[in-house]
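See below for the structure under consideration.
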Amino acid sequence: HPTELLRLNTLTPESFAYITLALQLDCNLLIVGNTGSGKTTTLNALAGVFAQNERLILIEETPELQIPHPHHVRLIPNPDASMDMSRLIRETLRMRPDRVIVGEIRFPEEAKAFMESILAGQGKGTLATFHGHSSAEAVARLRAFGILEQDIAWTSIILVQRRWTEYDTHGKPRDVRGVCEIAELFFDPTRGLI
């Protein structure tokens, strides 16, 4: 449930309200973080803010999304049928979903298909997870994948979630996960991506 993100201190109340409002206003969202930072858990929880009458399409190589939503279709790649992640993302353009949720973008072709979904104005938004330590690093990786700056700006929001180690007063370590950056993306023709 979305409120679990507050209980676990993954998001502050202010950042939770901001992301919830952004999703209700049909923004696209890229959740970026290091391995084990809880990107998929956050994506699962945020899907709880979607209206129950919305049609969701989930695309992932390893089924990790557990979205308790009555109208969702799960697509899983099948190499034997020449159906990889990028092709599945492109096929959603014909399925008229309200939202497309990509479990994880790993390769340039998947990133390009993700951007095609966004640029096609797919329903009420496209969401995905992506490896990176900051919004700047995520943007740099997308550029390296061949995505144009003006197209990257259509992602709307990059939410960065990290996992780090904290030590208590006795020196005992514990893993902590939380959102450490929320970046809105804009493209200015004279200054580029800001």
Helix 135-144: inclination vs the chain longest Cα principal axis, degrees, rounded to 10, gives 30 degrees
Across Asn44, Asn34, Asn78, the residue with the highest GNM fluctuation in the chain (Cα network, 10 Å cutoff) is Asn78
Expressed in angstrom, Rg and Dmax over the Cα atoms of region 6-78 are 13.0, 41
Computed curve, the chain, Cα-only Debye sum without solvent term, log₁₀ I(q)/I(0) at 0.14 Å⁻¹, is -0.77
Computed over the chain: longest principal axis from alpha-carbon atoms vs helix 13-24 long axis, angle to nearest 10 degrees, is 10 degrees
Between the modelled labels at Glu64 and Leu93 (7 Å from Cα along Cα→Cβ) the distance in nm is 2.8 nm
Magnitude of the Cβ-charge dipole (Lys and Arg +1, Asp and Glu -1) of the chain about the Cα centre, nearest 20 debye, reported as 140 debye
Between the alpha carbon centres of region 52-111 and region 112-128 the gap in Å comes to 11 Å
Rh_Kirkwood(region 110-194) over Cα pairs, Å, one decimal, evaluates to 14.6 Å
Loop-resident trypsin sites (Lys or Arg not before Pro) in region 1-83 with no more than 16 other Cβ atoms inside 10 Å, DSSP not H/G/I/E/B, are none
Within the set Asp175, Asp84, Asp98, GNM on the chain using Cα springs under 10 Å gives the largest fluctuation to Asp175
Mean-square fluctuation maximum in Gaussian network of the chain, Cα pairs under 10 Å, restricted to His131, His69, His170, hits His170
A student asked for the Cα radius of gyration and Dmax of region 59-113 in angstrom ought to give 11.1, 32
Taking a crude spin-label model, label points 7 Å out from Cα along the C-beta direction, the Arg74 to Thr190 distance in nm is 5.1 nm
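So, R0 is 41 Å and r is the distance between the beta-carbons of Leu148 and Arg7; what FRET efficiency does that work out to, to 0.05?
0.55
How many percent of Cα pairs in region 20-135 exceed 23 Å?
21 percent
Compute the relative contact order of region 23-96 as a whole-number percentage, counting only Cα pairs closer than 8 Å that sit 6 or more residues apart in sequence.
23 percent
Only the coordinates and a few stated rules stand behind these numbers; no lab work does. Quick caveat, the model's predicted, so the values are computed rather than measured. Virtual Cβ from ideal backbone geometry, glycine too; neighbours counted across all protein chains shown.
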